[in-house]
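The values are calculated or read from the model by the stated rules, or taken from the named source; none is laboratory data. Nothing here was measured: the structure is a model prediction, and the numbers come from that model. As a convention, Cβ positions derive from the backbone with ideal geometry for all residues, glycine included, and neighbour counts pool all protein chains shown. Surface areas here come from the heavy atoms of the whole protein model, side chains and all, with no ligands, DNA or RNA. Shrake-Rupley method; radii C 1.70, N 1.55, O 1.52, S 1.80 Å.
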Amino acid sequence: FCPQSRILVCTMKIITFAGSHACGKTSVILKACELIGNYDKKVGVMKLDCISSGDDVTYKNSGISVLKYISGNMCPDHFFASHIEEAFEWGLENQLDVLITESAGLCGRCAPHLRNIPAVCVLDCLAGITAPSKTGPMLFFADFIAVTKGDLVSPAEREVFLRNIHYANSHAKVTFINGLSGQGA
């Protein structure tokens, strides 16, 4: 609260992460949280999943505050839209500097990305070279694309995968990230 202007000033940043099931979102987020924490910033994660998730335990074990939602029979991205205000308030109550949202984006017709908020799409090289064209809005509207498991495919497959990413989204910054070592994070 700024007493001079009587305006509530919010300095908490939000970053949305989206990607298909088991593509490495949590590993990439853990590495990002580690890097953000190096700047003495308090990070929390809003974890969205459809049926079940143990990722909240993984985050807690890493010292990261977490708010977990299970969307059930609703697409996690639609669920996100109806619960982001609640998560935002949770972030403020926990005095977070950065709130990261993680969603599986299962319906393929929408994305949990917000205007003027950094949006990250995590893609798995093992999904096949045509995956970028089939990923939908969570890739098309991303500002950053983190490509995982690139070490498990040939250099030629990585190049074709990268080319197909650029066809789907030519403006995003693309980075290959090793979820185990953190290289590229």
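Pull up all non-local amide H partners of VAL66: gap of 5 or more, or a different chain, and H-to-H distance under 5 Å with H placed in the peptide plane.
Amide H neighbours of VAL66: VAL45.
How much length is gained if the chain between ASN94 and ILE70 is pulled fully straight, taking 0.36 nm per residue apart and subtracting their Cα-Cα distance, in nm to one decimal? Provide the component values of the computation, followed by the final result.
Numbers: separation 24, 0.36 × 24 = 8.64 nm, distance 2.08 nm.
My answer for the length gained is 6.6 nm.
Accessible area, 1.4 Å probe, largest first: how do THR11, THR130, THR26 sort?
Highest to lowest solvent-accessible surface, that is THR11, THR130, THR26.
To the nearest 20 debye, what is the magnitude of the charge dipole of the chain about its Cα centre, counting +1 on the Cβ of each Lys and Arg and -1 on the Cβ of each Asp and Glu?
Taking the Cα centre of the chain as origin, the dipole is about 280 debye.
For the range 89-185, what is the accessible area per residue in Å², given a 1.4 Å probe and the full set of protein chains?
Per residue, the range 89-185 has an accessible area of 53 Å².
Give me the net charge for the shell around THR11: Cβ to Cβ below 12 angstrom, other residues only, Lys and Arg +1, Asp and Glu -1.
Residues close to THR11 contribute a combined charge of +2.
In a shell of Cβ-Cβ distance under 14 Å around ILE129, excluding ILE129 itself, what net charge do Lys and Arg (+1) and Asp and Glu (-1) give?
+1
Quick one: angle between helix 155-168 and the longest Cα principal axis of the chain, in degrees between 0 and 90, rounded to 10, please.
Long axis of 155-168 versus the principal axis of the chain: about 60 degrees.
Within 10 Å, count the other beta carbons around each residue, average over each peptide in 43-55, 143-155, and list them highest first.
Output ranking for 43-55, 143-155: 43-55, 143-155.
Measure nothing fancy, just the Cα-based angle from helix 76-93's long axis to the longest principal axis of the chain, in degrees from 0 to 90, nearest 10.
Approximately 40 degrees, to the nearest ten.
Where the only charges are on Cβ atoms (+1 Lys, Arg; -1 Asp, Glu), what is the dipole of the range 24-80 about its Cα centre, to the nearest 20 debye?
Taking the Cα centre of the range 24-80 as origin, the dipole is about 100 debye.
Any chance you could give the angle, 0 to 90 degrees and rounded to 10, that helix 25-37 forms with the longest Cα principal axis of the chain?
Compared with the principal axis, the helix lies near 50 degrees.
Using a 1.4 Å probe over the heavy atoms of the protein chains, calculate the carbon and sulfur portion of the accessible area of the chain as a whole percent.
54
How much length would be gained if the chain were fully extended between SER62 and ASN38, taking 0.36 nm per residue of separation minus their Cα-Cα distance, in nm to one decimal?
Length difference between fully extended and current span is 7.3 nm.
If I take R0 = 25 Å and measure r between the Cβ atoms of ALA81 and ALA22 in this structure, what FRET efficiency does the formula 1/(1 + (r/R0)^6) give, to the nearest 0.05?
Numbers: r = 23 Å, r/R0 = 0.94.
Calculated transfer efficiency: 0.60.
How far is the Cα center of the range 21-63 from the Cα center of the range 165-185, in Å?
Going from one Cα centre to the other spans 18 Å.
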